[in-house]
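Peer 1: Sharing a structure with you now.
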Amino acid sequence: MVLTLFLCLMCVCASALVWLGWKVVEQDSTVETQRVQGRLESAADRIVAALDRSLQQTGDFADARKPGPGEAFVVISGGSVEILPPGALAFSPAQSSEATPGPDVFREAEEFEFDQHDLEKAEATYRRLAGSKPAEVRAGALVRLGRVLRRQRRWPEALKTYDELGKIGSLSLASMPAILVARAARCSVLEESGQQQALQHEARALWADLTGGRLVVSRPTLDTYSDELRRWIGSLPPPPDWDERLAVAKAAATAWRAWRADERGAAGGRRFDLFDGSPVSVCWSSRDGAWQARLAGPSFWRRLWAGLGHDSGTTVRLTGEHGELFFGTSPIKGPTAFRAAAMTGLPWNLTVAPAGDWARSAASGARRRLIVAGFIVFALLLAAGSYFIARSMVRELAVARLQSAFVSAVSHEFRTPLTSIRQLAEMLARGRVDLEEQKQRVYELMMAESDRLRRLVESLLDFGRMQSGAYQFRFESLDGQEWAQAVVEQFGETVRTAGYVVEFAGAVNGAHIHADREALAGALWNLLDNAVKHSPDHKSVRVEVGSAEGKVEFRVIDRGIGIASEDLKHVFERFYRGGNATQAGIKGAGIGLTIVREIVRAHGGEVRLESTPGVGSVFSLILPVQEES
Ligand code: ADP
C-alpha cells in the first residue's frame, strides 16, 4: 500500500517534470522565434531605409550629369537628344529632328536626273551644290551625287563621295546620322561592285559601332540597319552589355512616350519596371521644354540588391505590384518580415528572410539541448532515487515480515522447554514421582530442557552482539580433531535418547587451529542441531574431519530432508527459514546459520553447503591450519 502510494507519487512527480521540461523548451523556442522575428523586422526597416536612399539618389537631378556605374542620363531638348554616358542606351528614345533643305534646292538637278535622264547635267548640278555652305545642302547633294555615280557604275567615285558625306559628321539626314547613311551606302556600293572582302570588313565595323554604343540611332533606324547588316554579314552576337543597354533604352523611350502622351504634361514622374525581364528605374522631369531623365539599369539595381541584408545576415526578395519577382528567390520558407509597397512608398514589396541558418542559432540549439539534458538527468536521478527507495522499502518490508516471523518462532522455541520444565516441576511438587530412579530421570530431563533454554538465550545474545560487532572472541590454539570429537561426543549424548546416532571420523592428526573454543563449538553444535532437526526419518548424522592445502575441514553430513535449490543462497541470511523447514513444521528462528557464518568468518574461514532435497545436506566449516611456531 505504502509502496503503491510512493510509486504513484513518483509517477506524478515524473509527469510534472516532463510537463515542466516541455513547457520550458516551448517557452524557450517562443522567445527564440520572437528574437528572430525582431531581428528580421529591424533588418527589414534598415533595408527599406537603404532602398529609399538609393531611390532618392536615382531621382536626384543635381548630380545627374555624372552618372555612376549602371546609370544613365538623357536630355531631349528641341531637336537634340543627349545621352550620358554616350552609348549607355542601345538606341535613342527620340529621333533627332533634321534640318531639311527647302524643297526647291534640288528640284533642278532632280529634273535632270529623273525627268530628262541627263545624268551628266544632274551630276554637275549636284557637284555644284555639294560645294555650297549649308551643311544640310551639302549632305543632301552628296547623297544624290553618290546615287547618280552608282547608276553609272562609277564605283570608286561613288565611294569617295560617301566618304566626304561621312566627314560631315553628326548631321542628320532624314533622322539618320549622315555618317551612318554614308557608311551604309559605302557597303551597298561594295556589294554592288562585288567587293566582298571589303564589304565584310566595313559592314562588321559598322555593326560593332551600332551595337557598341558609338553610333546611337533611333529604334526604327537601328532595326532597319540591323536587318541590312545581317543580310551582309549574317547574325553576329551583340556585345555582352547589349541587353542592359537595350532595357535602359526601352525604359527611356517608354517614359518619353508616356510623357508626350500625357496631355497635361506632368512636370515629373518615376517609373520602375521590368524591361525584357531586366529591372530599370527611370525618373524624369521637364522644364522649359527640355525633358530629362535619370535612369538606373539592371546592373545598378542588381548590384544594389545583392548587397542588401549582408550586414544583418538576411536575404531579400522584391516583388512587384502583381507579384512579379524582381529579385531574390521564391518562395521563402520559415520566418520572414514583410513590407508592402503601399506601406513603404517603394516600388516593391519587400520580404526579408534569414540567410544561412542563424534563425536556428547554434547557441539557442545548445541551450535547448542543455535544458533537455538537464531535465533528462533530473528525471534519471528521480527514477534512480525512486528505484533505490522502492527497493529498500521492499527489503525493509521483507525484513519486517521476517522479524515478526522470528518473534513468533522464538516465542515457540521458548514455550516448549518452559512447558516441559513446568510440567516436570509440577509432577515433583505434587509428589507424583515416588521412585528415586524416576526422580533422577525427571531431574535430568529438567536439566536438558533448561540447557536448551540457555543455549537459545545465548545464541540470541551472540546474534545481537555479532550484529552490532560487540562480540569478543577469545582465540587460542586448538587441536582441531580433538576439539571436534569432544563437541560431537557431547552433542551425541544429548540426542541419544531421541534415538539419534552421531558418527565421527577424523583423518587429521595434530592439525591446530587458531580459534575461540566456545564460539566455534557453538557453530558446530548449531550445524549438528540443524542436521538432527532436519532428519526426522534417517536418525544418523556423520561428522568428518579432513585437511587439504593448509585448511582443516569439518563436514556435518545428514541424510535428511535437504534444501531446495532456490533456498540455498538465502539460508545464511538473518531470519531466513527455508520452505522445507516451515512445511515440515520444524521449529527454528532463522538465525542459526547467520551466527555460524559470522563465527567462521571471524576465524578467517568459510562455510560451504551442498544439499539435495530428499537426499540430505553437507555443511562444511573450512578453517586455516595454524602455522607451527
Ligand atoms: P533455523 O532456526 O530455521 O534452523 P537456521 O539459520 O539454522 O535457522 O537455518 C536456516 C534454514 O536452513 C532452515 O530454516 C532450513 O530451511 C535450512 N537448513 C539448515 N540446516 C539444514 C539441514 N541440515 N537440512 C535441511 N535444511 C537445513
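Peer 1: Can you give the Rg to Rh ratio for segment 473-624, taking only C-alpha atoms and Rh from Kirkwood?
Peer 2: 0.95
Peer 1: Let me ask you something else. If I take all pairs of Cα atoms in segment 97-215, what percentage of them are more than 18 Å from each other?
Peer 2: Value for segment 97-215: 52 percent of Cα pairs lie more than 18 Å apart.
Peer 1: Can you send over the carbon and sulfur percentage of the accessible area for the chain, probe radius 1.4 Å, protein chains only?
Peer 2: The nonpolar share, carbon plus sulfur, comes to 55 percent.
Peer 1: After finding the eigenvalues of the alpha carbon gyration tensor for the chain, what semi-axes result from the square roots of 5 times each, listed largest first in whole Å?
Peer 2: Equivalent ellipsoid semi-axes, largest first: 134, 28, 17 Å.
Peer 1: Cross-link partners among aspartates and glutamates for LYS539, C-alpha distance below 20 Å, same-chain residues fewer than 8 apart left out?
Peer 2: Here the aspartates and glutamates satisfying the reach criterion relative to LYS539 are GLU489, GLU493, GLU503, ASP529, ASP558, GLU610.
Peer 1: Just to confirm a number: summing +1 for Lys and Arg and -1 for Asp and Glu over residues other than LEU215 whose beta-carbon lies under 12 angstrom from that of LEU215, what do you get?
Peer 2: +1
Peer 1: Specify the inter-centroid distance of segment 413-454 and segment 54-86, based on alpha-carbon positions, in whole Å.
Peer 2: 138 Å
Peer 1: Tell me which lysines have Cα within less than 18 Å of LYS167's Cα, excluding those fewer than 8 residues away on the same chain?
Peer 2: LYS133
Peer 1: If you don't mind, another one. Return an integer: the convex hull volume of the alpha-carbon atoms of segment 172-279, in Å³ per residue.
Peer 2: That works out to 119 Å³ per residue.
Peer 1: Another question about this same structure. Roughly how big is segment 8-85's charge dipole about its Cα centre, with Cβ charges of +1 (Lys, Arg) and -1 (Asp, Glu), in debye to the nearest 20?
Peer 2: 140 debye
Peer 1: Determine the sum of side-chain charges near SER193: Lys and Arg each +1, Asp and Glu each -1, restricted to other residues whose C-beta is under 14 angstrom from that of SER193.
Peer 2: Charge balance in the 14 Å sphere: +2.
Peer 1: Near HIS117, within a Cβ-to-Cβ distance under 11 Å, what is the net charge of the other residues, with Lys and Arg +1 and Asp and Glu -1?
Peer 2: Value of the local net charge: -3.
Peer 1: Over the alpha carbons of segment 253-351, what is the largest minus smallest coordinate on each principal axis, giving the biggest first in Å?
Peer 2: Its Cα atoms span 52, 24, 24 Å along the three principal axes.
Peer 1: Quick one, could you list the DSSP H helices from the chain stretching 27 Å or more along their long axis (Cα atoms) with average Kyte-Doolittle hydropathy of 0.0 or above?
Peer 2: Length and hydropathy pass: 2-58, 362-429.
The values are calculated or read from the model by the stated rules, or taken from the named source; none is laboratory data. A quick note: this is a predicted structure, and the numbers were derived from the prediction, not measured. Counting neighbours? That spans all protein chains shown, and the Cβs are built from the backbone with ideal geometry, glycine included. Surface accessibility is based on the protein's heavy atoms, side chains included, excluding ligands, DNA and RNA. Shrake-Rupley method; radii C 1.70, N 1.55, O 1.52, S 1.80 Å.
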